[in-house]
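Quick notes on the structure that follows.
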Amino acid sequence: MSRMVNCVILKAEAEGLDYAPYPGELGQRIYDNVSKQGWQRWVAHQTTLINENRLTPIEPEARKFLVTEMEKFFFGEGSAPPKGYVPE
């Protein structure tokens with residue numbers, strides 16, 4: 001049986017993640033409060049942020065930016081798309 005969570009993204013009960021997708025306290029909060037579908041929404045948004053801002057995820061400043069945006073996406077006011085971004 002799947003683990004169910006009250007997803008902060010979907011605002012509904014949904015299937016939870018199989019493991020914490022990020023280390024530490026933030027990863028545990030995500031594991032406890034984000035569904036698989038909610039996490040996929042973040043992955044898509046993160047990909048947009050990386051591509052549109054031309055980030056290199058191994059660089060410390062890029063990682064710091066992405067972690068800040070991840071926290072905003074799940075538990076803050078939301079992570080805005082990059083300036084000037086127009087979805088296809």
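Please treat every number below as a calculation from the coordinates, not as lab data. These numbers come from a predicted model, not from an experiment. Backbone-built Cβ (ideal geometry, glycine too); neighbour counts: all protein chains shown.
Numerical summary
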{"read-out": "Point-charge dipole on Cβ atoms (K/R +1, D/E -1) for the chain, about Cα centre, debye to 20", "value": "60 debye"}
{"read-out": "Under the span-like rule (Cα at least 18 Å along the axis, Kyte-Doolittle mean at least -1.0), DSSP H helices of the chain", "value": "60-75"}
{"read-out": "Contact order relative to length of the chain, as percent, for alpha carbon pairs under 8 angstrom and 6 or more apart", "value": "23 percent"}
{"read-out": "Karplus (6.51, -1.76, 1.60) ³J(HN,Hα), θ = phi - 60°, over region 3-18, in Hz, Gly and Pro reported as x", "value": "7, 9, 9, 8, 6, 6, 8, 7, 6, 7, 6, 8, 5, x, 5, 7"}
{"read-out": "Eligible lysines near Lys83 by straight Cα distance, threshold 20 Å, same-chain separation 8 or greater", "value": "Lys64, Lys72"}
{"read-out": "Inverse mean reciprocal Cα-Cα distance (Kirkwood Rh) of the chain, Å", "value": "13.6 Å"}
